[in-house]
Structure formats: structure tokens, C-alpha cells
1. Determine the pairs where a residue that is without any contact (Cβ under 8 Å) to a residue 12 or more places away in the chain, located within region 284-303, has a partner that is small (G, A, S) and outside any helix (DSSP H, G or I) with Cβ atoms under 7 Å apart, the partner being 6 or more residues away or on another chain.
2. Quick test of your reading of the structure: G253 fulfils all but one of (1) assigned by TED's automatic domain parsing to the domain that holds G284; (2) part of a loop (DSSP other than H, G, I, E, B). Name the failing condition by number.
3. Residues being of a type outside the set (D, E), buried (at least 21 other Cβ atoms within 10 Å of the Cβ) and part of a loop (DSSP other than H, G, I, E, B): count how many of those fall in region 136-161.
4. Just to verify a result, which residue in region 70-96, among those that are within 16 Å of ligand 1 (Cβ to nearest atom) and surrounded by 13 or more Cβ atoms within 10 Å (Cβ to Cβ), is farthest from S136 (Cα to Cα)?
5. Which residue, of F53, F99, is surrounded by fewer than 13 Cβ atoms within 10 Å (Cβ to Cβ), over 22 Å from L200 (Cβ atoms) and not charged (D, E, K, R)?
6. Check G184 against each of (1) buried (at least 21 other Cβ atoms within 10 Å of the Cβ); (2) more than 16 Å from ligand 2 (Cβ to nearest atom) and name the one condition it does not meet.
7. I'm trying to understand the selection: among the residues of region 178-197, which are over 12 Å from the mean Cα position of the chain (by Cα) and in a helix (DSSP H, G or I)?
8. Scan region 31-79 for residues that are assigned to a strand (DSSP E or B), in contact (Cβ under 8 Å) with a residue 24 or more places away in the chain and farther than 22 Å from D208 by Cα and jot them down.
Amino acid sequence: MTILKVEGLYKHFNHIKAVDGINFEVAEGEVFGLLGPNGAGKSTTISMISTLFPPDKGQILFKGSSIGKDAKSLQKKLGVVPQDVALYPTLTGYENLGFWGNMYGLRGKLLKQRIEEVASVIGIQERLKDRVDKYSGGMKRRLNIGAALLHKPELLIMDEPTVGIDPQSRNHILDTVLQLNRQGMTIIYTSHYMEEVEYLCSRICIMDQGKIIASGTKDELVEIIKGQQQVSLKLDKINDSLVERIKRLPGVGKAEVVEGEITVAGESVDGILADIIAEVGKSGSHIAGIDVRKPNLESVFLHLTGKALRD
Ligand SMILES: Nc1ncnc2c1ncn2[C@@H]1O[C@H](COP(=O)(O)OP(=O)(O)OP(=O)(O)O)[C@@H](O)[C@H]1O
Ligand SMILES: [Mg+2]
């Protein structure tokens, strides 16, 4: 069943087309990925879903009803983890969670119980009594996630929750996402790290310059560039005539020297690897290493936009 449907959504800030006509659907129970570089329009999209501001055009449906109609009751069903950490630095972790719990109408015993449960999910039980300005960046991020979980939302929206933190906190957050999902929570996960999205998400939308440029499962997305295999050969010596000869082999689209290695791209490069190796042999060079690169989301993005996903 569809939990969230985004239809023909636009948001322009003067001449900046932050969100420029996007459509997507999130199915109940999935981890849905929104992948895109800086400025793609991810946060603007999330702000509209969380009713922070309305779209210029288009609509957002939560379980079939337009979210504009009853924003209050929607907010109880959504948990939003903002890109910028929203915490009070001079309050303790416990007090911060208490504040957010109050916002969701939690009080007394139930609030205390939820704070303890959430603290255990995000793994900060031992630090609950410490002031947040004493927390590491990773712990602040985790607490930021905790604040969005107190009211047990049906749909959790996370906006780049792992930016700028240590690998340990990052892994903890990724595991938490999977654990919450296994317990039945639907999650929209926004990131510009393709490995995270690849690891977590059942379906992915790739966004760039306000538009969705591709969507599907990871395998479906990689299928877009099926004919784009890459092999790199590390040789003891490279000469131009060898590169030329490899270029002329049937099935080779491109052969060039990149950082001291011959990089060959084409439809099915591993299928003609033997021919390539034979050419190297004839040239009198020796192979020090071969690296066959499988297409991944990074290469899909590069193929679609002509630029790398990382800034
Ligand atoms: N309030 C605003 N006023 C003017 N321009 C804005 C505003 N909010 C966002 N923008 C612009 O809209 C575009 C999309 O921004 P958005 O924050 O949605 O991107 P993003 O995908 O979340 O990027 P990042 O990965 O850097 O967080 C950017 O060019 C940004 O500068
Ligand atoms: Mg953003």
C-alpha cells in the first residue's frame, strides 16, 4: 500500500528551481531513498512533506488524503529528522527528549518510558544526564534522531542524518534505520552518500537540480548503464600504440590512460578481457593488476548527469 504520494510538486525560490515537478510514491514498510548532490532539492522536498511550507504547485497525499487538510494530525504520524541538528545545547539529553516529547503531547510516566526506550534505540543511555554541548557530533545526531522517534511515527523522514560524523556513530545510525524498519516503520532516507542509500533502501529516486532523473530499485538503476563496464589495467609500462590497439578491439567503447593505468570501457569489457591481455602481451608490457569495476549508483549518476555525485 502507498503511504505517501507526491504529485507534480514544484517549489521555486525566485529564479532557483529548488523542486521542479517531481512525482514519487513511497510504499508502506519500505526504506525509500532520496539520493542527490548538494542543492538537488532534497531538503525542500522534505520540508513540504513535513508541512513546513506549502508547494507552489502539486500535492502530497498521506494515505490518500492531502496533507494540507489536516496538518496537525499528520504531524503526529510523521517523524522528521532535520538536516541541521535541532537541540538545546545547555540542556541534557534527557531534557531535550523531554522537550520534544512534550511537543507531541507525551507527559509523565509515558514520557519517561518513551525517553528510556528511545535512548536505548539510539544507544545513548549512559549519556542521558549529560549536557548536549558535551556530546560528540555523532551523539548529537543520534539524539536528533531520538527526538523524532518519541511519538512512534508511522513514517520517519531522515534528512542526511550521517553527515560529518565518526564511522562508529554512522554505522550505529544505519543499523538503527534497519532495525526500525524491521519493526514496521516506513522510512524516507535522504543522502548524498550512494553507499548508504545502496545499503539501506529498497527503492531509490535520484534527484538533481530539482528533478528526479531516475528511480527504481538499485538493480533497476544499475541496469541503465549495463553497457558501461569498466576495466583498469596496471602495467609496468604504457605506450600510445598499445592504447590505440586496445581502442580498436571490437566491443571497446573507450580506452584511455588515467592515473598511470589503462582504463577501458565498453559494452561487455570482461567478455573481451582475454583479447585485451593478449594485446598487452604483444606490446611487451607486464600486467601488475586488473580491476573490473561493476557499475554502481555513482556510475549511474555520472552517466545521467555527466558529473560525480560527491562535491
Ligand atoms: N529558503 C530558501 N531560499 C532561497 N533558496 C533556497 C531556499 N531553500 C533552498 N534554496 C535553494 O534551493 C536549492 C535546493 O536546496 P535544498 O536545500 O532543497 O537542496 P538539498 O538537496 O537538500 O541540498 P544539500 O545536500 O546541500 O542539503 C538550492 O539551490 C538552495 O540554495
Ligand atoms: Mg539538504
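The values are calculated or read from the model by the stated rules, or taken from the named source; none is laboratory data. None of these values were measured; they are calculated from a predicted model. Every residue, glycine as well, gets a Cβ built from its backbone with ideal geometry; the counts of neighbours run over all protein chains shown.
1. Filtered contacts from region 284-303: L302/A308.
2. All conditions are met except number (2).
3. Residues that pass the stated criteria total 4.
4. Taking region 70-96 as the starting set, the residues that turn out to be within 16 Å of ligand 1 (Cβ to nearest atom) are 80-86.
Now narrow it down to the ones that are surrounded by 13 or more Cβ atoms within 10 Å (Cβ to Cβ): 80-83, 85-86.
Details: V80: 21, V81: 18, P82: 18, Q83: 16, V85: 12, A86: 15 Å.
For region 70-96, the residue satisfying everything is V80.
5. On the way: F99 fails: surrounded by fewer than 13 Cβ atoms within 10 Å (Cβ to Cβ).
The match here is F53.
6. Looking at each condition in turn, G184 falls short on (1).
7. Filtering region 178-197 down to residues over 12 Å from the mean Cα position of the chain (by Cα) leaves 178-186.
Those that are over 12 Å from the mean Cα position of the chain (by Cα) and in a helix (DSSP H, G or I): L178, Q179, L180, N181, R182.
8. Filtering region 31-79 down to residues assigned to a strand (DSSP E or B) leaves 31-35, 57-62, 65-66, 78-79.
Now restrict to residues that are in contact (Cβ under 8 Å) with a residue 24 or more places away in the chain: 31-35, 57-62, 78-79.
Within region 31-79, L61, F62, L78, G79 meet the criteria.
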